[in-house]
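Accompanying notes for the structure given below.
We did not get these values from a lab; they are worked out from the coordinates using the rules stated. A quick note: this is a predicted structure, and the numbers were derived from the prediction, not measured. Using ideal geometry, Cβ is built from the backbone for each residue, glycine included, and neighbour counts are taken over all protein chains shown.
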Amino acid sequence: MNSIKNIIAVEWKNIIRTKTAMVLIAVFAVLLLFSAFIGIENKVEQNSIRQKYQEQVHDDYVNQPDRNPHRVSHYGYLVFRERPALSFFEFGIESFAGNSVFLEAHRQNTVNLSEAGFSNGMLRFGELSMALILQLLVPLFIFFIGYGTLADLKSNGVLKIMLAQGISAKKLIWGKTLGIFSFTTAVFIGAVLLIFTIAFAVYPEELTTEVVMRSIFAVGLYTLYFFICSWVTVVVSAKSSRGGTALICLIVLWMLCGIILPKMAQNIGQGIYPAISKLEFETNITEDLEKVGDSHNPDDVYYNRFKAKTLAEFGVNDVKDLPFNYVGHLMAEGERITTELYRAHFDELITTYAKQNSIASYLSFVNPYPMLRNLSMAVTGTDMAHYIDFQKQTEAYRYKQTQYFNELHKHEIDAEHSGTQRLDKSRFKERETFQYNKRGLFWALSNQFTTLFALFFWAILMMSSFAFGFKKIKL
Amino acid sequence: MNTTFYKLFAIEYKRFARNPISILGFIVVFTIGVYAIFHGKNTIAHQEETIDTIADIQEQELAKNKQFFSDDLSHFTYYQFYYTQNEPSEWAAFSIGQRDINNYSLKVRILAVEGQLYDTELANPMTLLSGNLDLSFLFVVLIPLLIISLCFNLISSRA
């Protein structure tokens, strides 16, 4: 045990003595602080803008004049998407996800106005977030401080002496890995904890139990990632005869795992499981809708049967004799059918997207970067699942509200004045505001089952390498 | 032809061409390049296919709405959408650029003029985040990386 402590202490001393390592730490620390500042400012400002306009939309809505309920459902309502609390740390798909969605009768609109839509291609080179620094730059730092840790001892012959003195290869690799890992963690996880503390001290209203749980998981995740990187560095260094070879090997690995493979995985997924365009999506829904029936066609089989059924139910011969307004009843039925079809097609589309993303999840078993990125996005609430969830919640709200207005139409509007009669505006105040039901950490992780499995795979792989491997180092 | 420059060039070229690492690097980048061409072409072809269907869809919708609302202009204009299209340029397959984020077809109607212009195309946000592996990515990112990784110690390794 003592010798491992010695190895770690020597490792720390060596790193601290390296001037370039200190310069890199300074540069990364400035970058981290800068990106934290930008991230927090951006998030707070965006949310305050969105909240302001959300209130304005609601005021305009509540203060509208007396109107026909169907006019009100076409007047619509705009819902703004609140950015998740931890999106200052990890941007995830935030810049590619829309900010607001317009909810109206008969139509399911897309969530519009994303940052990417207003930007040029530079956004694709990555945005400087704290997460990006920890995901891509800190591994480079680890490679840099660790590439020579064993390879240099080999080339100057010290390793031979050490092994001859009776230190086992396993102890050496274990100690070196722990040394590099503990140093990196102390510096960067320390910095992250400090930034989180300051951020939540300045904005204490963000600090809920849920956010704390998510933060703790995120920090644990990044700590494990640094361990994986340290382990890879020491293993590569042990296999290389010279430090230079180890460094080239590690940098090529970094390019492959950090830039090329994740992009390829996503592109291949898109190639294998092609997704339909919006035009095809809408055409498919229209086609299915026409198979059911067309409410505008007076000879339509489905709607004539629906009418006959309604008349029979109330024992009358004409829609005028019904105890309610038939138009409202018909609109409710139409809304039910279109919504059902839309949801079925939307689920199909999401399944296609999930299949496209699955390639990157499977890649996580050989490449820790997509594993970390997927889990980090899930934990911070900036992944696709949270975005889809927002869309589904707004759609459920839209349907409920539209049906509420159709009910009003059915029971409180005279059949003779179906299109013109107005209801008192006080009736529209009964509308509930949209409240996004925030999801918990376990919900977030349950969407990343494959990636979570990859995390356990990596943990087991590293543990078993220390338990069964590293019998000797090739000199 | 026997100048110092030529000799240096010949030696350097031989070293470079015989180095298995540089050959491997070129094979990898070349393979990715072939895939990039395929991917760019595929993506743009899919967009073109969609654009080609627009005329038919427009025709069908017009016919249907004429049938139901020929005596009611307000209902006709309410239900009738007009489709626009943004054709890919000749070089779009080389660099897909923002064509995956921005609409290449937008449907508009007389109602709600401004808002409908910002409708987004349906796209997998994860794919948008990772970006397209098209030929321009190869030229802008991968080839410089290859050059750097093969040449970074050309002179310093002699020291």
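For the stretch A:320-332, backbone phi angles converted through the Karplus equation (6.51, -1.76, 1.60; θ = phi - 60°) give residue-by-residue couplings of 5, 8, 5, x, 9, 7, 5, 4, x, 4, 5, 5, 4 Hz, Gly and Pro being listed as x. Note on B:F76 and B:K7: the model spin-label points, each 7 Å out from Cα along the C-beta direction, lie 8.8 nm apart.
If you take the alpha carbon radius of gyration of the protein assembly as shown and divide it by 2.2 N^0.38 Å, what ratio comes out, to two decimals?
Cα Rg divided by the expected 2.2 N^0.38 Å: 1.20.
Counting every other Cβ atom within 10 Å of each residue's Cβ, A:D294, A:D414 order from fewest to most as A:D414, A:D294. Relative contact order for chain A: what percent, with Cα pairs under 8 Å and sequence separation of 6 or more? Relative contact order of chain A: 24 percent. Separation of the stretch A:411-454 and the stretch A:217-242, taken as the distance between their Cα centroids, equals 46 angstrom.
Across every pair of non-identical alpha carbons in the stretch A:184-257, the mean reciprocal distance, once inverted, gives a Kirkwood radius of 14.6 Å. Modelled label positions at A:N437 and A:T208, each set 7 Å beyond Cα in the direction of Cβ, lie 1.3 nm from each other. In summary, no aspartates and glutamates lie within cross-link reach of A:K472, defined as a Cα separation below 13 angstrom excluding same-chain residues under 8 places away. Shown in residue order for the stretch A:235-240 are the 3J(HN,Hα) couplings computed by the Karplus curve 6.51 cos²θ - 1.76 cosθ + 1.60 at θ = phi - 60°: 4, 5, 5, 5, 7, 8 Hz (x for Gly and Pro).
When the listed pairs A:K429/B:K64; A:K263/A:K392; A:K355/A:K400 are checked against a 32 Å cut-off, the alpha-carbon distance exceeds it for A:K429/B:K64.
Within a Cβ distance under 12 Å of B:S89, other residues only, what is the Lys/Arg minus Asp/Glu net charge?
Cβ neighbours under 12 Å give a net charge of -2.
Between the amide H of A:L78 and those of A:L103, distances stay under 5 Å, these residues lying 5 or more places away or on another chain, with hydrogens modeled in the peptide plane. Separation of the stretch A:116-152 from the stretch B:82-114 is 33 Å, based on Cα centroids. The order of A:S129, A:S95, A:S446, A:S464, going from fewest to most other C-beta atoms within 10 Å of their C-beta, is A:S464, A:S446, A:S95, A:S129.
Expressed as a whole percent, the proportion of Cα-Cα pairs in the stretch A:358-435 lying more than 16 Å apart is 68%. Taking a ≥ b ≥ c as the square roots of the eigenvalues of the Cα gyration tensor, the stretch B:2-159 is classed as prolate, since a/c reaches at least 1.5 and a/b is larger than b/c. Simple rule: put +1 on each Lys or Arg Cβ and -1 on each Asp or Glu Cβ in the stretch B:4-158, find the dipole, and look at B:Q67, B:S130, B:T50; the Cα lying farthest toward the positive end is B:S130. Computed over the stretch B:78-159, the convex hull of the alpha-carbon atoms projects to a mean area of 8.2 nm². For a straight C-alpha distance cut-off of 27 angstrom, the lysines reachable from A:K474 (same-chain residues fewer than eight places away being disregarded) are A:K5, A:K13, A:K154, A:K160, A:K170, A:K171, A:K176, A:K239.
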